[in-house]
Each structure stands twice: as structure tokens, then as C-alpha cells.
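Inspection log for the structure reproduced underneath, given as C-alpha cells.
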């Protein structure tokens, strides 16, 4: 826009090109492969078109219009070669319209302005490069900018919680140190190290420390889990006068540093203090996203994607332009703490993390923030890569205790349904499925979690240091927790390996069939005279993905491949454990339902103290 003074412009979003990523990840940056040996991406020639309607390079206009004070944005591009720059927009239905087209030639700069209007229900902005007849057109650099002043000032602090992943942490520090724009925005990088393999001992740490200087602080404390590590980052942030925003980051990630800047700018320009979350892509399958936005379903108080269409979307098969639901504006109840920016004002107002070690701390915080009037936005274009949940199975290991206990505690604090709605029934169904599948250790920890709920809120801080060791120690009483690798002796299954299922996942029994199946199976297993001390040989071996909960109860003894693929587990029916755990799960669930209102009142009354900096300071003092 000629004649305008852009000396005070703020960069909202830089155009980023794929660096050190797998070839498949290119789909997140642009639509078509095109390169220039001198750097950049472009349309290779003669009328070819390269679109930046991509996850990382389209501008999510609907989110900026809905939440921030910005009413206009400016796209600036530096190009090489001849052709056209085509500015495009979409609406909430994914309908795409050309906004402007500008011819370019030689080495030049282009500046295009557009009003942020008409994006109420959804829509994006992006640009395409169209090569001319005389050769290729390449993009050198680009950015989306604004001349509006931010609402909230304050620098950005990054808080990384780690447990025995110093190699990942070092790579994160190196990525931060290599981005001058991020370094200019950062006040502090806080590494809360709770492991036995210290980050400071990792080869290369001294170089990273020298590059970051006083901006880096490593805090070493005993293992208080994710909630204890992130609470420590929140606690330290409250004492940093120049910090206005804290971004929480998991440790086992690959980090697109531009994402931190985008989240920071979005929150700075938000009309009201806003939590800004980043998406999670699969570290082992880079174009696959975990979910676009996440909610807690009110009827059964369980987390899930806002729509199942979002779950594990693969950008190799359907890009942004071809996926109508991506053009809608999606609301979120919370964002996972693999990457989540929280304004310091929110921390000051609602407190620190709930002291629950792991699981549900992020969801509970989002729901608590919403109750105080603070929204969470899972912002497209803000993301990192993390190991997918499909490559783990934390619902049947020591984390089962925290899954069970923390979900009910979060429900007691935030569920608006009488007696938590279907929460307790849903949790009880999970226990029954695990009992049918001979996962007695997981059910034992669920039962322990139910007891812990009844212990009340006063026990939470004290349990941070003891609950995880106790849960892990309990595994010694449950033979199915032993992982058999290639070198372990293991009886050969009588019928070999089950044929692997391909195609869509089969559906289990539902409705009347489910009720009949559950009653029939429960009685049959209660009467089945088996003991894990005198086990039947394994009847069959199953791949993890084929071990459906309604299939495994047919067997007295089976082998199941681990989620990580590094061995097998041997599950054996044991009537004594089955009967005991069935009874204890039912009785404790019934008791919590009966006492729900009193428990909810107690937990809600205790919440401000539980999450206060003062209470957390006592816990940190005992673990430094």
C-alpha cells in the first residue's frame, strides 16, 4: 500500500519452508513440490502454480477476526522471477475465491492488504505463485503483518518439563537458539528437570547454554509429574516482571519455533486474555494431526476431538483446500500441554496446575479457565510433533491410577450434570472391559484411584511424591505386566497367531446385544475355574490392534503384542482376582455416586488453596 507508514508493523505469521523434515511433511507447508537451488520454493515454470493453502502457511483469518483486535492484515512477499501472486480466501464452507492478482518480475517485493471481515463462521487467507511464460517464479520470504497495536505487552517465557529425555530437550534448546526472532521475544527458557538423567549432563548442553545465556534456567527437582513440572514453570513465571505469557512444552517433541511466536502474537492481540494452544502432529508419521480441537463431553465427562472427522487427519491424502471442515471455526474446551500458551494474567487469576501428577491437569485447567471467563483457542498453524498415543498404551500400565482418579476429580470440580452424569457409569464400563481382558493390574489401579478420590482433596499434594511409585510397585503382584522380549522363554500359543484384521475396525456389540453379552460374559468368567498360578498355555497370539475387548474373553490365556511392538504380554484368567476386583470396583463406584454432592463441595472449596502458589511452594520446597 503506497504511502503508508509501516515502521511500527508487527509480524503475525512468517511464511516458513520445510527444513530438516521428512519429505511427507512438505504437505504441511505447500501443495506442490517445487524448489530452487538458491533457496526458496516456487512454481517451476510456464504457467505452473504453487499454492500456499497449507497448514503452516495459510492465514487462519476466522480465528484472528473472532478473537483479536486486528481488522486488517498485510501480506508481504519477496519473489524472484516472473509471474503472478494470487491472493485467495475461503469461507466457512470451504468455498474459495480469488481476492487479488499482482504481476511480478525480477527480484521484487509485493505488499497486499485485506480486511478481516466476512470470516465470522470460518475461512482462511492464502496466496499462490503462478509462473509466467519466461521461467520459474520463486518465493524468497514472506509474512503476514499488522499495523495495529497489541492489547497486552509482555515477553514470552517457555516452560519445558522433562523426565529422562535430555536428548529431546537439547534439540529443543538448539532450535530456540537458532531462531533470532524467537530469542528476541523470549524472556526466559525454563527447563524443569525431574529426571535422573540430567539435561545439564547431555553432550552439547554447554554450547546451548552459552548461546542462550541468562535467558536459560534449568530447575532440578524431584519427580512431581507433568502437573508438578508445569506448575513449577507457572510458579517461576509469576516472579518474572517482564514475562506476560508462558508457553508450556512437553519434552519429547520436535519443535517448529515459528509456532511459539504465532501463539504469542495471537494472545498479545486478543481482546481478552486468551489461552492459545498448539496442535500435535505424529512424530513418527509427520503429516498426521492428532486432533484439531478438543472438548470434554458433558454427558460422560470424557475428552475427545470436537468432531471425529478431525481425529488423525492425514494431510497427504486431503489438504486444506480439499477438507471443508478445516475452514470452519472450531471451539475448544482445553488444549493439551504438549504446547499451550497461558497469559500470566490467567495464572494470577485462577492459580497453578491441579496437583495430580499426570492426566487431566491440562483439561481441568482449561475448564477452570473457562469458568473464570477465559477462552482456549487451538490455533491452526501452531503445532509441534510428538509421539502419538497409538504408539503407547498408558491405559493399562501404572498411569491407569491417574486416568481413573483424576478424571473423577476433574468431574467433581467441573461437571454440571447431577452425580457427574454418565461419568461413573462410563468409568465402570472401562473397568469391566479390562476385567474381561484379564488386565487385572489396570483395574487394581483404577480401584486404588477410586479410593484416592474418597480420601479427599487434602491428600493430593502429599500424593505427588508417592502415588506413582506405589502404582509401579503394585505391578509385581500382576504377572501380566511382564514384557516378554525375543530372548524370554514363553510357551508357544496352541493355535499360533490370529489372522491380522485389515480395513475398518469391526464394531463390538451394542444396545441389547451389549447388555446380553456383558451379563453372559461376566457370569461365565466368574465361574471359570482358572488361576494365574497354574495358567493354561496361551491359546492364541494377537496383534495389539486386533485384541478387541469383546474377542479376548473367549480365551483363558492369550499373548498380545505390546503397543510399541517390542515384545508380548501374557494375559491369564484368574478367578480370585476377577471376582475381588469386580466387587471392589462396583462398591467404590456406588459409594462415590452416593457421596457425589458432598465430595464435589469439598473439592471445589479446596481448589483455590490446592492450586495456589503458596501451597505449591511448600511442595517444591520438599522436592528441590
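Rule-based calculations on the coordinates, nothing more; no lab input. In this text, all values refer to a predicted model and were calculated from it rather than measured experimentally. When we count neighbours, we look across all protein chains shown, and the Cβ atoms used for this are built from the backbone with ideal geometry, even at glycine.
Suppose R0 equals 25 Å. What FRET efficiency, 1/(1 + (r/R0)^6) with r the Cβ-Cβ distance, do residue 349 and residue 196 give to the nearest 0.05?
Efficiency, from the Cβ-Cβ distance: 0.10.
Sort 359-367, 576-584 for me by packing, meaning the mean count of neighbouring Cβ atoms within 10 Å per residue, highest on top.
Ranked from most to least packed, the peptides come out as 359-367, 576-584.
Given the alpha-carbon gyration tensor of the range 155-391, what are the semi-axes of its equivalent ellipsoid in whole angstrom, ordered largest first, with each equal to the square root of 5 times an eigenvalue?
Over the Cα atoms of the range 155-391, the ellipsoid semi-axes are 27, 21, 18 Å.
Whole Å is fine, so just give me how far the alpha carbon centre of the range 415-469 lies from that of the range 344-368.
So the two Cα centres are separated by 20 Å.
Across all directions of projection, what mean area in square nanometres is found for the Cα convex hull of the range 277-344?
5.6
Quick one: Kirkwood hydrodynamic radius for the range 156-281, alpha-carbon pairs, angstrom, one decimal?
14.7
Along each principal axis of its Cα atoms, how long is the range 470-597 end to end? Whole angstroms, biggest number first, please.
Each principal axis gives a Cα extent; for the range 470-597 these are 51, 37, 30 Å.
With everything on Cα atoms, drop me the angle between helix 257-268 and the longest principal axis of the chain, reported from 0 to 90° to the nearest 10.
Computed tilt is about 80 degrees.
Order these peptides, 150-159, 497-506, by their mean beta-carbon neighbour count within 10 angstrom, highest first.
Listed from highest to lowest mean packing, they are 150-159, 497-506.
With all pairs of different alpha carbon atoms counted, what Kirkwood hydrodynamic radius in Å does the range 93-190 show?
18.5
Using a cut-off of under 20 Å, list every residue of the range 140-157 whose amide N is near the label point 7 Å from the Cα of residue 111 along the Cα-to-beta-carbon line.
Correct set: 140-150.
Packing-wise, with mean Cβ within 10 Å as the measure, how do 242-250, 22-30 rank, highest first?
So the peptides 242-250, 22-30, ranked by packing, come out 242-250, 22-30.
From the C-alpha coordinates alone, can you work out the Kirkwood hydrodynamic radius of the range 10-146, in Å?
Kirkwood hydrodynamic radius for the range 10-146: 15.1 Å.
Going by how many other beta carbons lie within 10 Å of each one, how would you line up 311, 403, fewest first?
The order, fewest Cβ neighbours first, is 311, 403.
Give me the Debye-computed log₁₀ of I(q)/I(0) at q = 0.13, 0.17, 0.23 Å⁻¹ for the range 297-409, equal point scatterers on Cα only, no solvent, two decimals.
Per q value, in the given order, log10 I(q)/I(0) is -0.62, -1.04, -1.53.
Along Cα→Cβ, 7 Å out, is where each label goes; now give me the distance between the ones at residue 500 and residue 71 in nm to one decimal.
5.9
So, R0 is 30 Å and r is the distance between the beta-carbons of residue 134 and residue 322; what FRET efficiency does that work out to, to 0.05?
For residue 134 and residue 322, the calculated efficiency is 0.45.
If I model a spin label as a point 7 Å beyond the Cα along the Cα-Cβ vector, how far apart are those points for residue 617 and residue 482 in nm?
Simple spin-label model gives 5.0 nm for this pair.
For the range 198-251, just say rounded, prolate or oblate: build the C-alpha gyration tensor, square-root its eigenvalues into a ≥ b ≥ c, call rounded for a/c under 1.5, and beyond that prolate if a/b exceeds b/c, oblate if not.
oblate
For residue 579 and residue 597 in the same chain, what is the full-extension length gain: residue separation times 0.36 nm, less their Cα-Cα distance, in nm?
3.5 nm
Taking R0 as 35 Å, what's the FRET efficiency between residue 120 and residue 314 from their Cβ-Cβ distance, rounded to 0.05?
Plugging the Cβ-Cβ distance into 1/(1 + (r/R0)^6) gives 0.75.
Using only the alpha-carbon atoms, how far is helix 511-527 inclined from the longest principal axis of the chain? Give it as 0 to 90 degrees, nearest 10.
Roughly 40 degrees between the two axes.
In nanometres, what is the gap between the two model label sites at residue 217 and residue 470, each 7 Å from Cα along Cα-to-Cβ?
According to this spin-label approximation, the distance is 3.3 nm.
Based on the Cα coordinates of the chain, what is the per residue volume of their convex hull in Å³?
172
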